[in-house]
Structures are given as C-alpha cells and as structure tokens.
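To keep things clear, I will list the structure first and then write my remarks on it.
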Amino acid sequence: MDNLEKNTTSKKTFVEDVDRSIYDVKDKVNASYQSHKGLTPEIVDEISREKNDPEWMREFRQNALNLYNSIQLPKWGPNLDELNMNDIVTYVRPNTAMQAKWEEVPSDIKNTFERLGIPQAERMSLAGVGAQYDSEVVYHNVREEVKSQGVIYTDMESALREHEDMVRSHFMKLVPPNDHKFAALHGAVWSGGSFVYVPPGVKVEIPLQSYFRLNAPGAGQFEHTLIIVDKGADLHFIEGCSAPKYNVANLHAGCVELYVEEGARLRYSTIENWSKNMFNLNTKRAVVEKDGKIEWVSGSFGSHISYLYPMSILKGENSKMEYTGITFAGKGQNLDTGVKVVHGAPNTSSIMNSKSISKDGGASTFRSAVRIASNASGSKSAVSCESLMLDDNSRSDTVPVMDIRNDEVDVGHEAKIGRISDDTIFYLMSRGISEADARAMIVSGFAEPIAKELPLEYAVEMNNLIRLEMEGTIG
C-alpha cells in the first residue's frame, strides 16, 4: 500500500469524528410502559406477560436467564467492567402501537425518523421499511408488489403470532442462548426486530430495510432479526442503527439469524452509528446451503465498546461468503470487530476484506477466524485487513485464527498497519494540492473500496454516517 508508511507520521494530521449532530437530538421519553432496572426472573416474566408470549417463549426466556447467570464475561476482548446490568432498563415500550401509515406515527417519533431520512429513503428506493423505537417496532410497511410475490416482511412479534411454527423452528437455533453470555441475555429479554421470508425462486429487486433507534437513557435494545431466503431466491436487506449520546451507559445486544437455502443469495448491509456511551454486543450468524451465497457489508462508526463478529457457516457444497467492512474508532472508543467463517463442505469459498481507521487514542481490533473442516476439500479462503492510524495515540491490532483440517485447500491472510506517509503528502502538495486536501484524498482513497459497497444509494440517512471521504472532514 504505497500511501502507508509504518515509521513516519505528521503531527499536523487532523481528521474530525463522524458528524453526529443529526443523531444526538434527544426526544423526551414518553413510554407507555418500561421495566424496572436490572435483570431478575420477575422482570423477565413481566416482559413476557406484557408481550403476550406463548408459553414456550416464556419458558425459553427463563432458561436463557439461567444461562446468563451461569456464563462468565469474556476475558479476551475490551473490558466490560463499566457495564452494570443493575442500571439497565431492558424493556421500554413507546406510547404507540405499530402503524402501517406514516402519518399515524406520533409526531415526536415521526420527527426523529424524518431527521434520519427514513421516509425519503422508503419513497425513493426501498421495497419495505420497519422502524423500531426503543423496544418495539412503531412503523412497518411493505410494497404491494413485494407482498404479491409471497414475501413475508413483518416485525418479530407479529411473526410470532402469525407464523409461529416457522419462528419456533428457527428462533435462536443458529445462535443458541448458551453460545455466550450476551446471547443468553438476548434470549431472556429480546424485543422487536424483523422477520423476513422470501419464497423459492423469488428475487426481491429492491432492498428491504429496518432501522433501530434507541432513545431512552440507561436502556437496552435487544431486537431479533430472522431472515429465511428460500431455494433460488434473492434479497438485499439493510439495517441501520443509531442513538443519541447520554452520560449513562446504554446497551445493544441484538441477534441476527440468516438462513440462506440452496442456490439463494442474501446481501446483508449494516450501518451502525451508536453513540459513544453505547456497549454494542451484537451477534450475527448465517448458515448457507449448497450453491448459496451470503454477502456481508458492514460499517461500524459508533459505540464506546463493540464486540461484533458476523459468522458464516458454509454448510453446503459450493456455498460462498463475502465480507466487506470498515470501522472508525475515535476518542473513547474500543471497537473489537471481525468476521468468522466455517467451511463445512467441499468447494466452499470465503473472501473477507476489512479496513479500519483510528484516531485520538481510539482502539481498533480486527479478529478473523477461519475453520476448514476435514471434509471441505477444494475450499478457498482469503482474509485481507488494512489499518490506518492517524496519530501516535491510537491503536490497531489484528488477531487472525486459522483452524485448517484438510490439506487440499487454499487459505491466505494479509494484514497491513500503518500511518499516512509524509512522502505521499509532499508529492501531492508538489502538484498544487493543499496539505489538508492531500490528507483528505489519502483517507478517502483508503476508505473508498469499502465505502463504495455501502448502500448509500438506497438509504438517504446513511450518507451522514460516512464522513471520511467528504469535503471538510480534515482541517
């Protein structure tokens, strides 16, 4: 990488944080119901009653709570001592039912989503939209032409009532509550989220999107996303997240389960712009059958601490995975992100490309885990991660793990960590470009291969999350 040089840096480098002004506007909390702080069997039962869960789900929640209490915190990532569940409200129900017409959403909530660009995005380029506010979906709509194809796109509570058998046979089967402590927490207090089913052979030509907004201070958001793309079907699903900044901790422990059946394709794009008081402990996992393909596109621009490692299980022969991600860690942020893949069948392939930028003492860690099973002959995996540090106070680490149990495979890992080269700056300035513009060009060029994959053309509000390549971000 010509514009990176490990041993040189400039004291004049300055890159602004992602502009959060639009996201930090707070609404007065106007909940119709919220649980007490903490996590007890009584609180979990109370949430279950409020949500009118079937009996099997109530039992599921209590079993998950027992697992949560028995599983230890992870010892290998960022320190989580600042997170105290006794201070977290796990369920906040907004003062509205879910609406199918935008004009019927309460004005305070509607104004928040208007600022974020959700209605414009829906009108311009989305086949369906779900909008969650705190713990419940407040707006959901899908185009008639998509419904006519047999596509089901609804909130998880409605899916639990209307498609109970399908939900029960898939819910937390990919991410079981005993997977880790925060999967167990999610199983106990989950609320909201999206359910999508695409029938065999159906190709949804324009994306679906869910947007998750956490407004209440000291609260947690635990949405569950369950997507099933049946044989030969095709879908692009976009997920956006944001929250205003408070001086108390907020928690996000969502769960995403993706089922990609034989010959199907799913692109799952996520833009996360949580505030810097947020603990983002999210779990995402996909299973891909024969000739299927999962594409992950991920942008992580917020939170105080993140643990985020989308995982793909390539279960069927010739199944494929691609991951494209970018992370920006500024002051007070420790973002521990990465990607995991299991090659469980012959001739499977995975490609992982990640870039990170850190500044003002921000810490960015990329973890990759590649496992190739003994029966996965002919499989290929390539991991590439590049990190750009913009000052002497920031930190960037790469932690690759490879578990290869078959000799007839092709596996590679490449990592580059560096700083902006003074020689490159000098060269650009010699061509009449100002120093500030030169630095902006270098950072833009570094981010561009990843940024161009983000679904900016589909969701207007996401433009505000990618400031690295725009004018005025370096001064």
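The values are calculated or read from the model by the stated rules, or taken from the named source; none is laboratory data. On a predicted model such as this, the values are computed, not experimentally measured, just so you know. Reconstructed Cβ throughout: ideal geometry from the backbone, glycine too, with neighbour counts over all protein chains shown. Only protein heavy atoms, including side chains, enter the accessible area calculation; ligands, DNA and RNA are left aside. Shrake-Rupley method; radii C 1.70, N 1.55, O 1.52, S 1.80 Å.
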Criterion first (in a strand (DSSP E or B) and open to solvent by 50 Å² or more (accessible area, probe 1.4 Å)) does residue 347 satisfy it?
no
Condition (residue is open to solvent by less than 30 Å² (accessible area, probe 1.4 Å) and assigned to a strand (DSSP E or B)) applied to segment 389-404: is it met by at least one residue?
yes
Selection status of residue 1, within 23 Å of residue 335 (Cβ to Cβ) and either assigned to a loop (DSSP other than H, G, I, E, B) or at pLDDT 85 or above (or both)
yes
Of the conditions (1) more than 18 Å from residue 240 (Cα to Cα); (2) of a type in the set (Lys, Arg); (3) in contact with a strand residue (DSSP E or B) (Cβ under 8 Å, 6 or more places away or on another chain), the single one that residue 213 does not satisfy is (1)
Of (1) over 20 Å from the mean Cα position of the chain (by Cα); (2) at pLDDT 95 or above, residue 351 satisfies every one except (1)
Subset of segment 183-203 (residues that are assigned to a loop (DSSP other than H, G, I, E, B) and open to solvent by less than 10 Å² (accessible area, probe 1.4 Å)):
190, 191, 192
Is it the case that residue 295 is over 15 Å from residue 272 (Cβ atoms) and part of a loop (DSSP other than H, G, I, E, B)?
no
Has segment 35-42 got any residue that is more than 27 Å from the chain's Cα centre (by Cα), part of a helix (DSSP H, G or I), at pLDDT 95 or above and at negative phi?
yes
Looking at residue 208 and the list (1) closer than 28 Å to residue 44 by Cα; (2) hydrophobic (A, V, I, L, M, F, W, C); (3) touching a Gly at 6+ places or on another chain (Cβ under 7 Å), which single condition is not satisfied?
(1)
Can you tell me which residue in segment 204-259 is surrounded by the fewest Cβ atoms within 10 Å (Cβ to Cβ), limited to those that are aromatic (Phe, Trp, Tyr) and at pLDDT below 95?
246
Checking residue 414 against (1) free of Cβ contacts under 8 Å to residues at least 60 places away in the same chain; (2) in contact with a strand residue (DSSP E or B) (Cβ under 8 Å, 6 or more places away or on another chain); (3) over 21 Å from residue 308 (Cα atoms), which single condition isn't satisfied?
(3)
Cβ pairs under 7 Å, 6+ apart or interchain, first in segment 229-244 and closer than 20 Å to residue 453 by Cα, second open to solvent by 20 Å² or more (accessible area, probe 1.4 Å) and part of a loop (DSSP other than H, G, I, E, B), ordered by first then second residue, are 238/458
In segment 36-78, what residues are exposed (fewer than 12 other Cβ atoms within 10 Å of the Cβ), closer than 28 Å to residue 303 by Cβ and in contact (Cβ under 8 Å) with a residue 24 or more places away in the chain?
72
Checking the structure you have, find out if any residue of segment 286-298 is in contact (Cβ under 8 Å) with a residue 60 or more places away in the chain and open to solvent by 10 Å² or more (accessible area, probe 1.4 Å).
yes
Within segment 335-343, is there a residue that is open to solvent by 10 Å² or more (accessible area, probe 1.4 Å), over 19 Å from residue 254 (Cβ atoms), out of contact with any Cys (no Cβ under 6 Å at 6 or more places or on another chain) and assigned to a strand (DSSP E or B)?
yes
Kindly evaluate residue 443 against the criterion of being modelled with pLDDT under 85 and out of contact with any strand residue (DSSP E or B) (no Cβ under 9 Å at 6 or more places or on another chain).
no
